[in-house]
Amino acid sequence: MEFKDNIPIYLQIEQYLYRKIALGELKAGEKIPSVRKLALELTVNVNTVQRALQQMNDRGILYTKRGEGNFVTEDTELINQTKQDLIDNELENFVQSMEKLGAEGDSLVSILDDYLRRRGKEDE
Amino acid sequence: MSDNVLAIKDLSYKKNQKTILHDVNLNLDQGKIVALLGENGAGKTTLMRIIAGVAKNYKGEVEVDGTTKEADRKAKLSFTDGLSGFSDSIKIQEVVDFYINIFNDFDENEFEELRKFMKLDPEMKLSQLSRGMREKLIIALTFSRKADLYLLDEPFGGIDAMARKKIINSIIMWKDEKATILISDHFVNEISTLLDEVVVVKNDTILEHKTADEIRENHKSIEEYYEGLYEDDDE
């Protein structure tokens with residue numbers, strides 16, 4: 001995992017874990033790796049991992065069992081919402097760059113539609 | 001009682017009538033990893049040596065864990081002054097024996113773990129060590145003490161990427177929750193993801209002290225921030 005150095009690291013750790021949850025690499029109810037293990041894996045400070053996990057606990061996507069560590073929520077609604085947020089986030093980035101290239105609204109839809117058709121053919 | 005592990009008030013230091021440091025004020029909290037950044041010759045090493053009680057005859061106050069006395073300070077912090085007091089012909093094991101004798105808080109088992117992790121042979125002489133191995137030994141010795149403040153003076157100078165990775169991992173693995181580590185460097189990239197705070201030394205004093213998050217929340221990388229503070233000097 002490469003971090004961008006101009007965005008707070010704890011936010012990037014959150015994003016990294018949200019993605020793992022959304023992709024099902026970390027499943028509902030599963031225990032996530034220990035703070036120190038995550039810190040080593042990501043080459044970051046233990047404090048920074050703790051801050052990220054604290055925020056995720058506050059949002060309910062993780063919960064803490066005393067003495068056992070952090071677990072992914074079993075609330076599938078919330079996990080689906082997390083996935084939707086990631087998709088929205090990616091789409092927002094995409095739409096913003098396309099708008100800079102002059103593709104907006106309906107024309108963006110037809111450009112995307114056309115692209116997907118061509119891409120489908122290439123794959124055949 | 002404050003949580004400050006280090007408190008420096010109005011510190012100044014002269015050597016041969018030349019000002020090396022002036023008006024230095026610095027407070028560090030428990031449990032942080034802090035970079036001490038500045039160009040070569042900016043006074044980083046001198047500041048570390050003063051904190052450690054090695055450099056004397058300074059003005060002002062240096063408090064570690066609530067105590068200003070040099071001998072007490074030395075007991076509460078761990079600093080390995082470049083192994084400068086040891087002859088090159090002695091073995092790693094002999095250095096370790098010396099540490100065991102001198103420091104009550106030196107944990108032999110911990111050193112064994114670190115030594116294995118760093119792949120150091122206790123029978124090797126100091127003269128046989130590469131730059132990277134020497135730094136690894138310094139780190140292993142420094143972390144084997146149980147202290148509240150660890151001072152690492154340019155641990156990454158002139159060492160290869162693998163040795164650097166080992167040292168960084170040892171910092172993550174062996175740091176106690178409440179211990180604070182101050183790491184000096186003139187280049188920040190290699191440790192930037194580790195940092196809680198950044199202290200910049202320039203013009204013989206501490207120019208700025210910020211949290212890493214503060215810097216990044218302004219969409220700057222720590223490197224950009226640090227270079228920005230030195231930028232005007234190039235002309």
*Looking only at residues in the range B:12-44 that are touching a Gly at 6+ places or on another chain (Cβ under 9 Å) and within 15 Å of residue B:200 (Cβ to Cβ), which one is farthest from the other protein chains (Cβ to nearest Cβ)?*
B:23
*Only one of these is at pLDDT 95 or above and over 15 Å from the mean Cα position of the chain (by Cα): B:116, B:178, B:125. Name it.*
B:125
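Quick check on my filter: what residues within the range A:82-108 are under 23 Å from residue A:38 (Cβ atoms) and surrounded by fewer than 13 Cβ atoms within 10 Å (Cβ to Cβ)?
Of all residues in the range A:82-108, those under 23 Å from residue A:38 (Cβ atoms) come to A:82-83, A:85-86, A:89.
Scanning the range A:82-108 gives A:85, A:89.
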*Tell me the strands (runs of 3 or more DSSP E) entirely within the range B:1-69 that contain at least 2 residues that are touching an Asp or Glu at 6+ places or on another chain (Cβ under 6 Å).*
B:4-15, B:18-29, B:33-37
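Just give me the residues in the range A:25-59 being more than 14 Å from chain B (Cβ to nearest Cβ) and over 21 Å from residue A:87 (Cα atoms), in sequence order.
Going through the range A:25-59, the residues more than 14 Å from chain B (Cβ to nearest Cβ) turn out to be A:25-32, A:53, A:56-59.
Within the range A:25-59, A:29, A:30, A:31, A:32, A:53, A:57, A:58 qualify.
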*asked:* Checking residue A:69 against (1) surrounded by fewer than 19 Cβ atoms within 10 Å (Cβ to Cβ); (2) within 14 Å of another protein chain (Cβ to nearest Cβ); (3) in contact (Cβ under 8 Å) with a residue 24 or more places away in the chain: exactly one of these is not met. Which one?
replied: (2)
*Within the range B:110-133, is there a residue that is farther than 18 Å from residue B:80 by Cα, of a type in the set (Phe, Trp, Tyr) and within 14 Å of chain A (Cβ to nearest Cβ)?*
yes
*Could you tell me which residue of the range B:191-203 is nearest to residue B:46 (Cα to Cα), considering only residues that are within 14 Å of another protein chain (Cβ to nearest Cβ) and in contact with a Lys or Arg (Cβ under 6 Å, 6 or more places away or on another chain)?*
B:198
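Which helices (runs of 4 or more DSSP H) sit wholly inside the range A:1-99 and have at least 1 residues that are more than 18 Å from the chain's Cα centre (by Cα)?
Details: elements: A:9-22, A:35-42, A:46-59.
Result: A:35-42, A:46-59.
Let's see how each residue does on (1) crowded, with 22+ Cβ neighbours inside 10 Å; (2) more than 11 Å from every other protein chain (Cβ to nearest Cβ); (3) closer than 18 Å to residue B:51 by Cβ; (4) not charged (D, E, K, R):
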residue	(1), (2), (3), (4)
B:173	no, no, no, yes
B:176	no, no, no, no
B:181	yes, no, yes, yes
B:187	no, yes, no, yes
B:205	no, yes, yes, yes
B:210	no, yes, no, no
B:214	no, no, no, no
B:217	no, no, no, no
B:222	yes, no, no, yes
_Please go through the range A:36-52 and give me each residue that is free of Cβ contacts under 8 Å to residues at least 40 places away in the same chain, surrounded by 18 or more Cβ atoms within 10 Å (Cβ to Cβ) and among the aliphatic types (A, V, I, L, M), ordered by number._
A:38, A:39, A:46, A:49
*asked:* If I ask for residues that are in a helix (DSSP H, G or I) and of a type outside the set (Lys, Arg), which ones from the range A:100-118 would you list?
replied: A:105, A:106, A:107, A:108, A:109, A:110, A:111, A:112, A:113, A:114, A:115, A:116
*If the Cβ limit is 6 Å and pairs must be 6+ apart or interchain, which residue in the range A:1-24 that is away from chain B (no Cβ under 14 Å) and closer than 15 Å to residue A:73 by Cβ pairs with which residue that is among the basic types (Lys, Arg) and surrounded by fewer than 19 Cβ atoms within 10 Å (Cβ to Cβ)?*
A:22/A:83
*Consider residue B:6 against the criteria (1) within 14 Å of chain A (Cβ to nearest Cβ); (2) modelled with pLDDT of 95 or more: it satisfies all of them except one. Which criterion is unmet?*
(1)
*Among residues belonging to the range B:78-94 that are at pLDDT below 85 and surrounded by 13 or more Cβ atoms within 10 Å (Cβ to Cβ), point out the one that is farthest from residue B:55 (Cα to Cα).*
B:82
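The values are calculated or read from the model by the stated rules, or taken from the named source; none is laboratory data. Remember, predicted model here, so these are calculated numbers, not experimental data. Because the Cβ atoms are built from the backbone with ideal geometry, glycine has one as well, and the counts that use them run over all protein chains shown.
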